[in-house]
Amino acid sequence: MRSERPTNSWQSVKTGRIEAQRSLPEDTTVFETQAPPERPVPRSPHALPKQALPKQPLQERPPRTPRPSRRERRKSVSAVPAPAGRDRTPLSKRQRRRRGWKRFGVGVCVVLVVQFLSVVSFNWFTPPRTSFMLQSGEPIVYQYVSIDHISRFTLAATIAHEDEQLGTRVGAFTWDELTQRAEAWSKGEKDPSGSTIPQQLVKNIYLWPNQDPVRKGLEAGLSTELSLTVPAKRVLELYLNYAQFAPKLYGICAASWYYFDTPPWAMTEHQAGQLMGVLPLPERVKRAPEGGIYLGEGVDPLAWDLINGAANVWVPRQIEGMGGWQATVATVGITDTAGDHAAERDSGDSCSTMPAAVTKRIAEDTTAHH
């Protein structure tokens, strides 16, 4: 450490920057240097000329991430497993109600789709059993027969007696018929117009016998759908195969053999008219011991009136009014006869031989009479 104080004095030099002070030797000559001109410091960038501002490169905006939908957010939340030992947060009452309505809507849509497909399938598919058959219980007497092997007298009698507008009407019924039925039901009166063939067919296939408004509503919707998706000729074929002609006896194949001991393609006009009279009250009709429909002593008076009236008055008069049996069957697109298909009577759907179930039923009836 120095003990002497320097004799020379310190002279500051303007250099534009601050320098550390230090001692100079005595023989050192101090040169004066000119300080650089002071540059004004701008207060803000706006004070500088525009050309002096540095040009910044444009930056592209990062792509915007799309917001996930509500369904995706729910899935992401539901996919996160709940912590061990802890339950998930319970759903609110509104969420439970919404989920319940959603499940109900999905269930209704599934039922409607399945029901529509089942109706459309009747164009080529003939179910072996109907709702009415299942409700009546076994044993059932039934065998399918193609419309090609059904007497045209029977087809004409069915159209004339059950539904004259089957082949000419759009839908299962007219608006006037619907309103008349609704008014009659509200007043507790009898149905003034009766059910059409499509209505009776869907009732036999899907529904139940009771005359309640729920069944009537379902019957109206299903029959309309059937009429718009299945041709009238096929509707008539299904109706005659599923109609009831005796207790637990269904279809024109079984009925023709049971009552008249004849195949359905060989039935006469009178026999066809009698069977039309059986349709309203099949549970009250019996087979005569020697064959035919029993109309003797002890027969139900209403059944006797319906059968004789249909065969002798109503059916012949209606067919005549429609221009004869050829014109009647032509309304549903039939222009041939059952005889034109005689070469095909060896097939399984011709009902050329008596079904085994009919043979058994006749034997049981004969034993019961004795």
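The values are calculated or read from the model by the stated rules, or taken from the named source; none is laboratory data. It should be emphasised that the depicted structure is a prediction, and the values quoted were computed from it without experimental measurement. Reconstructed Cβ throughout: ideal geometry from the backbone, glycine too, with neighbour counts over all protein chains shown. These area figures cover heavy atoms from the full protein model, side chains too; ligands, DNA and RNA do not enter into them. Shrake-Rupley method; radii C 1.70, N 1.55, O 1.52, S 1.80 Å.
Here is how the numbers come out for the structure above:
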| item | result |
| --- | --- |
| Qualifying residue in region 286-299 (condition: touching a residue at least 40 places away in the same chain (Cβ under 8 Å) and surrounded by 15 or more Cβ atoms within 10 Å (Cβ to Cβ)) | yes |
| Single residue of region 227-245 satisfying the filter (assigned to a helix (DSSP H, G or I) and open to solvent by 10 Å² or more (accessible area, probe 1.4 Å)) that is nearest to ILE150 (Cα to Cα) | GLU237 |
| Pick from region 212-226, criterion open to solvent by 50 Å² or more (accessible area, probe 1.4 Å) and in contact (Cβ under 8 Å) with a residue 12 or more places away in the chain, ranking: farthest from THR126 (Cα to Cα) | PRO213 |
| Those helices (runs of 4 or more DSSP H) lying entirely in region 304-370 with at least 1 residues over 39 Å from the mean Cα position of the chain (by Cα) and within 23 Å of THR168 (Cα to Cα) | 315-321 |
| Tally of residues being at negative phi and either modelled with pLDDT under 95 or in contact with a Phe, Trp or Tyr (Cβ under 8 Å, 6 or more places away or on another chain) (or both) across region 248-263 | 9 |
| Qualifying residue in region 99-109 (condition: in contact with a Leu (Cβ under 8 Å, 6 or more places away or on another chain) and in contact (Cβ under 8 Å) with a residue 12 or more places away in the chain) | no |
| Those residues of region 124-140 which are open to solvent by 10 Å² or more (accessible area, probe 1.4 Å) and among the β-branched types (Val, Ile, Thr), in sequence order | THR126, ILE140 |
| Failed condition for HIS369, given (1) modelled with pLDDT under 95; (2) out of contact with any Ser or Thr (no Cβ under 7 Å at 6 or more places or on another chain); (3) under 26 Å from VAL230 (Cα atoms) | (3) |
| Filter result (without any contact (Cβ under 8 Å) to a residue 24 or more places away in the chain and part of a helix (DSSP H, G or I)) within region 246-270 | ALA255 |
